[in-house]
Amino acid sequence: MSWITALFDGWAWRMAWRDSRHGRRRLVLYAASMTVGVAALVAIGSYGNNMRRAVASQAKTMVGADLRISGRHAFEPEVEAFLAAKVTEPHQAERADSVSFTSMVAFPHGDEVRLAQVRAVEAGFPFYGEVITDPPGGRALLHDAGASLPYALADPALLAQLGAERGDVLTVGSREYLVAASLISVPGESARLALFGPRIYLPRASLDPDLLARGSRVRHQAMFRLSNAAAVDLDALRDELNAELRPRRMGASTSQSTGEGWAESIDRMSGFLSLVSFVALLLGGLGVGSSMHVYARSKLDAVATLRCLGAPASRAFAVYLVQATALGLLVALMGALAGLGVQQLLPAVLADLLPVDVAVSVEGRAVAMGAGVGFVVALLFALLPLLAVRRVPPLRALRRAEQASGRDRLVAVLIGGLVLAVFGFAWMQTESWIVGLGFVLGVGIAYGVLILLATVVSGLLRRTVPRGLPYTWRQGLANLYRPHNQTRLLMVTLGLVTFLVLTLHLTEEALLQQVEFSDRNDRPNVVMFDIQSDQKQGLTELVKSLGLPIRQDVPMVNMRLASVRGVATEDMRNADENGRPRWALRREFRTTYRDHITDTETVVGGTFLEAAWDGNGPVPVSVEVGMAEELGVRLGDELVWNVQGVVIPSVVGSLREVDWRRVQTNFFVVFPPGVLEDAPQFHVLVTRADTPQAIGDLQRAVVGAYPNVSLIDVTLILSIADAILDRIAFVIRFMALFCIVAGVLVLFAAVVVTRTQRIEESVLLRTLGAVKSQVLTIMNVEYVMLGALATITGALLSLGAAWALTRFVLDTEFVASPWPLLVTLVTVCGLTWLVGRLHSRGIHTRPPLEILRAEG
Amino acid sequence: MTQAPMLAVDALHRTYASGAGTLTVLRDVSFDLGRGESLAIVGPSGSGKTTLLGLCAGLDQPTSGEVTLDGTALSGLDQDALAVLRRDRVGFVFQSFRLLSTLTALENVMVPAELAGRRDARKAATELLAATGLGDRLDHHPGQLSGGEQQRVALARAFVNRPALLFADEPTGNLDGASAERVADLLFDLQSREGTTLVLVTHNDELAERTGRILRLKDGAVVSDESIAPSAPAVAAVHPAPR
């Protein structure tokens, strides 16, 4: 590697500087296409560290306590005694309890009703961090015992929706509350929670006990502040508590474990975003590689001359190695600076997803890391074409056609290095070599398919150009195939950008279509749940009195699995080797009983019992196929259930496929009639209301007569799904933006690189008598067709990807509307044309010789 | 004791593999050239002139035969050693000038001197450019110079390291009459002043006749080796001089 020693030769640096004299602006442009990727990497890396730091420093605030115990039912006396013995007494702990559940909230003055997430908290909550309200001081009011009505804090979105404000009265259950303030932030809750329903905070003591007694979805929490928290090993305490609490289906968490959990989430999120940034970097890298290829070709004669004048190959190569190094440094430096700017934008993109306040600051290590990755990748991409310089025969100075013979092994080594660098980066970001390998393969396959499509599409165009086209059109199309043209590079880079944007759009469209499907025609669109058995008759009559039909009346019984095929689930949960997911064994199954299948179900195995159980042998139950796979059971296998203390043996009598996309009651397990009728149960009623007015009337009537009953409006679910998709799509679009900008810069670079060729052709055409309009038409045809080819390439790939995604992942029908394709086609063609024309300005107005001299 | 020739070419063969079989470009070419002498290689297009020049300068390798430059057999040298040999003892002038377009006239002339590690590169280059009449064009780039001026810069570059041997490939081929005359004058003036051995490839008979000897090639073989005496040129034997 004598060229490495040559790198330390002052002559190489002097020559590199002199040689770059006419190309520095171009080098900056090449670097710019990679700068975007580095900027994204630096920004994500630095902001990721900001987030980790914030989570680490605000872990206690996130939980609001040192220790939190939670469960789905009220704490039993044994649990209370255990907590007193293990927490309250030994650590002289303060305690604050809370319950949370979903309930209807009504504003009597406006007759408005909404489903909200209700949190009823005791005075100590939270021990750490602040509840921010507008106006300030809302939390203190929450526990003001002197008020005529208890106070509530409500999400500003809820108040805005209902036209309510501070001082208005709202009703939760049978109790009324005065709105004390709007809720800005609560420790440990990110703004994204509001997407799932607005929050209401109430004093625990004021809560309507009926809501807890009857409701089935209450989460109970006890929060502790330990007087000696700093001296306690919280993780050890948590593990000790969990050993006792887990069997009771409760759990303990600490600020430490919560912080670690969030840190892991942040790692995953920033890992994913870094990989997207890396795609932008690789896109720019392709541009750099291709531009440097053209650059290196333009230097071959100069290198041959240097070799003739006595420069060994290593010294001649060192000149360009220095330039590649400078390019890499430029990429790193410009990327780092731009990244620090982008970092300032990230809070607007990501802050809503986090439960802590993140202070934006420069994280030196992350900046160095991003810049370092940019430098290495830029150097590798730039060196790949420059390697040819090493093998320029000096004889080329006498005979231009002279070329190096044989293969250059170093090219393979460098490509290997590049693949390793991509793999190493992905591995480092995801901390999984399998994901790293998957990323390398994914990127490789995507580029491979794009190159293949680009070749096929351009080949087809070349063969199908009609001979009768005017000369200017034929010449414009022929220009796409001129030697050393950037056609394929642009088809790949612009194609990849088109692919990213279109796939995102098509998938989003398919998802929305999936949820909107549920709201079509006369499908049921209002679901009422948590209906107690003694309320069912009355509620049914109420619904009918409003002129609405009862589409479904479904009983629900909660139960848990006691054993699967003769093995107690408790034993299986302790042994990980059984291969069944813990959630499937631990979950509470909401089951129903009926003698028929619904229109969302298809029996795929066994026989669904369409009659009451005759009492002989184990009960034949019907299990959804996916759940049967999770549990590892087949037809005839035994499942034993614990129905609130009563053990019921069953066998898998049939397997069903369920269309979960339909917003109605669907079940993993269905019992036949004649088994669960006497078990504690509640009911779900499903109806259809055609207008928002009818839904509003039903909401008001239900909340007035049955405050514990929750009512879900399907349109609300649609709006939530839409909001969540929007949020995720916004983050992905923001990241895709980097790929788009990188693609446009590659386009710029490619047009600049081929400018000389284009000018020579233009001058030749004008010398031969072509008028300005003819030269312009040729150029327009070339650029527009280039954009069209790139769009077609990307669109084909994206249609394939979106189809596969909807068919195999979302399991829905794929319908591609032509409008996004058309808009993308026009946009990419227009952009390509614009960039091309911008870089060709002046060529047509000046005399041919003047242009040649100026460019010389 | 007889002084060793500056350039000794012995039974040089050069063939290329082509689609139609083997193509012989040079066959059995031999000659010697003493120090300070000048030789013109002439012949029709495709006769092997440029191939011979490339082999003599170590830019290409013969299929068989040997080239000895200033006592050093080129066949024993690797590419780096050949480059160093060219740097220290050889100068080049090309038909198409081969100036580096991104460098100024001065920087172009400095290149060989800088490659040789000379600290006085700038001074030597400035002086030479002044001697070629380009003292006021030092900072001009090749694109800003006429063809004649560019070739004068190339001459200065060729002489900056005071080479023992200069190879010139059609040095006036791309120039108009007046410029060609001026460049030729300068070339022979510098050659005689520096005592440089000159190997010149040309189509131009007038230019060839300004050298001391003309080697005629046809179809890759030497057809005559003619010494030109100032008074009466004599036809020498085609065979090389005894060594």
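So here's what we get for this one:
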| read-out | value |
| --- | --- |
| Hits in segment B:99-114 - residues which are in contact with a helix residue (DSSP H, G or I) (Cβ under 6 Å, 6 or more places away or on another chain) and either at pLDDT below 90 or more than 7 Å from chain A (Cβ to nearest Cβ) (or both) | B:Leu99, B:Ser101, B:Thr102, B:Ala105, B:Leu106, B:Asn108, B:Val109, B:Met110, B:Ala113 |
| Qualifying positions in segment A:361-418 - more than 14 Å from every other protein chain (Cβ to nearest Cβ) and either touching a Pro at 6+ places or on another chain (Cβ under 7 Å) or among the polar types (S, T, N, Q) (or both) | A:Ser361 |
| Candidate set from segment B:169-224 (those that are farther than 30 Å from B:His13 by Cα and among the basic types (Lys, Arg)); member that is least open to solvent (accessible area, probe 1.4 Å) | B:Arg182 |
| Residues being open to solvent by 10 Å² or more (accessible area, probe 1.4 Å) and without any contact (Cβ under 8 Å) to a residue 40 or more places away in the chain - total across segment A:299-318 | 1 |
| A:Ala213 vs. criteria modelled with pLDDT of 80 or more, out of contact with any strand residue (DSSP E or B) (no Cβ under 8 Å at 6 or more places or on another chain) and over 20 Å from A:Phe125 (Cβ atoms) | no |
| For A:Ala311: the one exception among (1) in a helix (DSSP H, G or I); (2) within 12 Å of chain B (Cβ to nearest Cβ) | (1) |
| Checklist (1) open to solvent by 30 Å² or more (accessible area, probe 1.4 Å); (2) more than 14 Å from chain B (Cβ to nearest Cβ); (3) in a helix (DSSP H, G or I) applied to A:Leu321, failing item | (1) |
| Selected residue [of a type in the set (Phe, Trp, Tyr) and open to solvent by 10 Å² or more (accessible area, probe 1.4 Å)] from B:Phe97, B:Phe92 | B:Phe97 |
| Selected residue (criterion: nearest to A:Ala348 (Cα to Cα)) from residues of segment A:27-48 that are over 24 Å from the mean Cα position of the chain (by Cα) and among the hydroxyl-bearing types (Ser, Thr, Tyr) | A:Ser33 |
| Subset of segment B:134-164 (residues that are within 11 Å of another protein chain (Cβ to nearest Cβ) and among the β-branched types (Val, Ile, Thr)) | B:Val160 |
| Single residue of A:Ser148, A:Ser182 found to be assigned to a strand (DSSP E or B) and either surrounded by fewer than 21 Cβ atoms within 10 Å (Cβ to Cβ) or among the small types (Gly, Ala, Ser) (or both) | A:Ser182 |
| Top-ranked residue in segment B:35-69 [being surrounded by fewer than 18 Cβ atoms within 10 Å (Cβ to Cβ) and under 15 Å from the mean Cα position of the chain (by Cα); ranked as farthest from B:Gln95 (Cα to Cα)] | B:Arg35 |
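Here is a yes/no grid of residues against (1) under 27 Å from A:Ala157 (Cα atoms); (2) open to solvent by 50 Å² or more (accessible area, probe 1.4 Å); (3) modelled with pLDDT of 90 or more:
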residue: A:Lys86; (1), (2), (3): no, yes, yes
residue: A:Ala93; (1), (2), (3): no, no, yes
residue: A:Ala96; (1), (2), (3): no, no, yes
residue: A:Val99; (1), (2), (3): yes, no, yes
residue: A:His109; (1), (2), (3): yes, yes, no
residue: A:Val113; (1), (2), (3): yes, no, no
residue: A:Gly129; (1), (2), (3): yes, no, no
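The values are calculated or read from the model by the stated rules, or taken from the named source; none is laboratory data. Since we're looking at a predicted model, the values are computed, not measured. Positions of Cβ are backbone-derived with ideal geometry, glycine not excepted, and every protein chain shown enters the neighbour counts. The protein model used for the area step is the full one, side chains on, heavy atoms only, and it has no ligands, DNA or RNA in it. Shrake-Rupley method; radii C 1.70, N 1.55, O 1.52, S 1.80 Å.
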